[in-house]
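Colleague: Sending over a structure as structure tokens; questions will come in a sec.
The values are calculated or read from the model by the stated rules, or taken from the named source; none is laboratory data. Being a predicted model, the structure only gives us computed values, none of them experimental. No Cβ is skipped: glycine too gets one built from the backbone with ideal geometry, and neighbour counts run over all protein chains shown.
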Amino acid sequence: MYYNLPFNTLRDMCRTTIESLEKWLRRLIDEELRNPLGDNYLWYQDKKNNFLFKKSIRENVKKRREDEPKRYPRDIDAVLLDDAVDIILHPIFYREYFREALTGAFPDGVEEARTFFSRIIEPRNYLSHANSISIRQVEQVICYSNDIIDSLKKYYEQKGMMQLYNVPTFIQLTDSKGNTFYTSQIDNNRNGTGGAGLNLQKRGYELYPGETLQIEIEVDPSFKEEEYIINWIYTSVNPAPTKSGKKFNLTLDNSHVREDFTVYCKITSIGRDWHRLGDCDDRLSITYRVLPPVEL
């Protein structure tokens with residue numbers, strides 16, 4: 001199949017696949033280490049004040065966040081593929097925190113994982129420096145990366161089955177103002193009803209008439225997209241309009257000017273006669289400040 005595709009297409013496929021793998025690995029690390037080691041787990045020290053992770057990882061994360069704070073709002077966001085693999089393949093951490101999630105891809109353990117990760121990282125490095133890669137390396141990147149992602153999907157699916165409510169929930173939100181919120185941040189903003197609210201009425205994130213607001217959400221990928229529907233609604237002087245799908249787009253006009261312009265998103269499972277929040281399974285509100293048009 002790959003022999004019939006242009007090299008530019010193959011390179012783009014590999015980059016997209018590797019980017020997806022990085023996101024999955026960052027999620028795994030964050031969710032598995034945050035509870036036992038705390039929010040600053042990359043800087044965790046044992047009883048003898050020894051850091052658990054390599055100095056190079058901590059320094060790389062610190063530098064990336066200092067250079068591009070909006071791109072890397074959390075430490076884990078600044079962990080790239082090489083660092084993520086180093087963290088996961090730490091012999092003790094692999095056994096205690098990551099083996100179960102990756103056993104579908106690496107049934108023989110950490111050394112097998114090290115071998116196959118190396119077959120992804122080598123062509124990734126070539127791609128990063130605009131060098132060519134072979135068709136065999138394209139196959140390795142795409143096949144091995146998807147094997148790992150499939151193993152993680154299965155792991156999260158099994159975890160969901162053990163929860164009180166096995167329903168789709170939000171795991172990430174990004175918007176056109178440069179904001180990104182992840183599972184832990186969304187969960188920290190949940191209220192007594194189980195829904196979550198994000199307040200962006202802060203300086204530097206104001207909206208104006210004529211501006212297009214874009215919001216995109218990601219749902220727990222252990223659920224197939226055909227298993228749920230996503231609906232959006234937003235405050236308006238007229239009957240509240242609705243939109244659907246993972247992406248919300250709205251070009252603002254003077255009717256949207258207000259202190260608390262709010263966009264609401266709901267996920268609802270299909271085929272169930274009950275839902276975690278009564279009428280839906282997860283609910284998220286995002287509140288902005290829309291200022292009057294600038295007078296020229």
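Colleague: Looking only at the stretch 108-158, filter to residues that are touching a residue at least 24 places away in the same chain (Cβ under 8 Å) and of a type in the set (Gly, Ala, Ser); which one of those is surrounded by the fewest Cβ atoms within 10 Å (Cβ to Cβ)?
Modeller: SER132
Colleague: Output the number of residues of the stretch 115-136 satisfying the condition of being of a type in the set (Ser, Thr, Tyr) and in a helix (DSSP H, G or I). If you could, list the steps in order and put the result at the bottom.
Modeller: Within the stretch 115-136, the first condition is being of a type in the set (Ser, Thr, Tyr), and the residues that meet it are 115, 118, 126, 128, 132, 134.
Imposing the further condition that a residue be in a helix (DSSP H, G or I) reduces the set to 115, 118, 126, 128.
Selection size over the stretch 115-136: 4.
Colleague: For the stretch 75-93, which positions are surrounded by 18 or more Cβ atoms within 10 Å (Cβ to Cβ) and among the charged types (D, E, K, R)?
Modeller: ASP75, ASP77, ASP83, listed by residue number.
Colleague: In the stretch 188-223, which residues are loosely packed, with under 13 Cβ neighbours inside 10 Å and either within 13 Å of VAL290 (Cα to Cα) or of a type in the set (A, V, I, L, M) (or both)?
Modeller: If the condition is that a residue be loosely packed, with under 13 Cβ neighbours inside 10 Å and either within 13 Å of VAL290 (Cα to Cα) or of a type in the set (A, V, I, L, M) (or both), then LYS202, ARG203, GLY204, GLY210, THR212 are the ones that fit.
Colleague: Taking the stated definitions as given, is ASP175 surrounded by 18 or more Cβ atoms within 10 Å (Cβ to Cβ), outside the structural domain of ASP30 (by TED's automatic domain parsing) and either at positive phi or not basic (Lys, Arg) (or both)?
Modeller: Details: surrounded by 18 or more Cβ atoms within 10 Å (Cβ to Cβ): yes; outside the structural domain of ASP30 (by TED's automatic domain parsing): yes; either at positive phi or not basic (Lys, Arg) (or both): yes.
So ASP175 fits the description; yes.
Colleague: State which residue pairs qualify: first residue farther than 15 Å from ASP279 by Cα and free of Cβ contacts under 8 Å to residues at least 60 places away in the same chain and inside the stretch 162-174, second residue of a type in the set (A, V, I, L, M, F, W, C) and not in a loop (DSSP other than H, G, I, E, B) in any location, beta carbons under 9 Å apart, and separation of 6 or more residues or different chains.
Modeller: From residues that are farther than 15 Å from ASP279 by Cα and free of Cβ contacts under 8 Å to residues at least 60 places away in the same chain, the pairs are GLN172/PHE181; GLN172/ILE186; GLN172/ILE217; GLN172/VAL219; THR174/PHE181; THR174/ILE215; THR174/ILE217.
Colleague: Return the only residue of TYR97, TYR72 being touching a helix residue (DSSP H, G or I) at 6+ places or on another chain (Cβ under 9 Å), surrounded by 13 or more Cβ atoms within 10 Å (Cβ to Cβ) and modelled with pLDDT of 90 or more.
Modeller: Going through TYR97, TYR72 in turn, just one is touching a helix residue (DSSP H, G or I) at 6+ places or on another chain (Cβ under 9 Å), surrounded by 13 or more Cβ atoms within 10 Å (Cβ to Cβ) and modelled with pLDDT of 90 or more: TYR97.
Colleague: Can you tell me which residue in the stretch 51-69 is nearest to THR180 (Cα to Cα), limited to those that are under 19 Å from the mean Cα position of the chain (by Cα) and at pLDDT 90 or above?
Modeller: The selected residue is ARG65.
Colleague: From ASP260, ASP282, which residue is in contact with a Pro (Cβ under 9 Å, 6 or more places away or on another chain) and not assigned by TED's automatic domain parsing to the domain that holds TRP24?
Modeller: ASP282
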